[in-house]
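Have a look at the structure below, then the notes.
The values are calculated or read from the model by the stated rules, or taken from the named source; none is laboratory data. Only a predicted model underlies this, so the values are computations on that prediction, with no experimental measurement involved. Cβ: placed from backbone, ideal geometry, glycine included. Neighbour counts: every protein chain shown. Ligands, DNA and RNA are excluded from the accessible area calculation, which covers all protein heavy atoms including side chains. Shrake-Rupley method; radii C 1.70, N 1.55, O 1.52, S 1.80 Å.
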Amino acid sequence: ASVTCGQSTHAYAMSKHAVVGLMKSLCVDLGQHGIRVNCISPGAMATPFLTNLMGIEKNTVEKLICASAVLKEAVPRAEDVAEAAVYLASEESKFVNGLNLLVDGGYSTTNQSLSMVLRNLMSSSQAL
């Protein structure tokens, strides 16, 4: 929601943009003290929160996410976000500052077909 538009409420999108804006501002203010500030924007993942929100089992949510994914043959997991955080906290990223690291398999680079897949799923289930 901090990169793409039209898939969430205005308040949700605003909150994500605020986080990215704050990160950028802090990276400038704190960089002069050698403090790096970055953030991570994960894509959809079949977390307990999302599966409960959707009222669908984890395997089904993963199939929906993978059906709309740009990067095929990879199922996004919370561990992927954790590994991105480890990278940003490591010495390997010592010159990375002001980055909004997208852990979304390239989802934000193209059209957002997940909405279409979900609409089709919901309309077909309502027709029953």
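List of remarks:
- Rounded tilt (10° steps) of 58-67 against the dominant C-alpha axis of the chain: 80
- About its Cα centre, the dipole of the chain is roughly 320 debye, where the only charges are +1 on Lys and Arg Cβ and -1 on Asp and Glu Cβ.
- Relative contact order of segment 1-42, defined on C-alpha pairs under 8 angstrom at six or more residues apart (%): 30
- Protein heavy-atom surface of segment 25-113, 1.4 angstrom probe: 58% of the accessible area is carbon and sulfur, with nucleic acids and ligands not counted.
- The angle between the Cα long axis of helix 113-127 and the longest principal axis of the Cα atoms of the chain comes to about 30 degrees, rounded to the nearest 10.
- Between helix 78-89 and the chain: long-axis angle, C-alpha atoms, 0 to 90°, nearest 10: 10
- Estimated FRET transfer efficiency (Val28, Arg77; beta-carbon r; R0 35 Å; 0.05): 0.60
- Residues of the chain were split at every exposed loop site, defined as trypsin sites (Lys or Arg not before Pro) in a DSSP loop with at most 15 other C-beta atoms within 10 angstrom, and the longest piece left, sites excluded, is 1-71.
- Within the listed set Ser90, Ser68, Ser41, the Gaussian network model of the chain (springs between alpha-carbon atoms below 10 Å) gives the highest mean-square fluctuation for Ser90.
- The chain - convex hull of alpha carbons, volume per residue in Å³: 119
- Computed E for Ala11/Ala89 - FRET, C-beta separation, R0 22 angstrom, nearest 0.05: 0.15
- Annotation: per residue accessible area for segment 20-128 equals 67 Å², rounded to a whole number [probe 1.4 Å, protein chains only].
- Reducing segment 1-32 and segment 36-75 to their Cα centroids gives an inter-centroid distance of 20 Å.
- The modelled label-to-label distance for the pair Ala67/Leu53, using points 7 Å beyond Cα in the direction of Cβ, is 1.9 nm.
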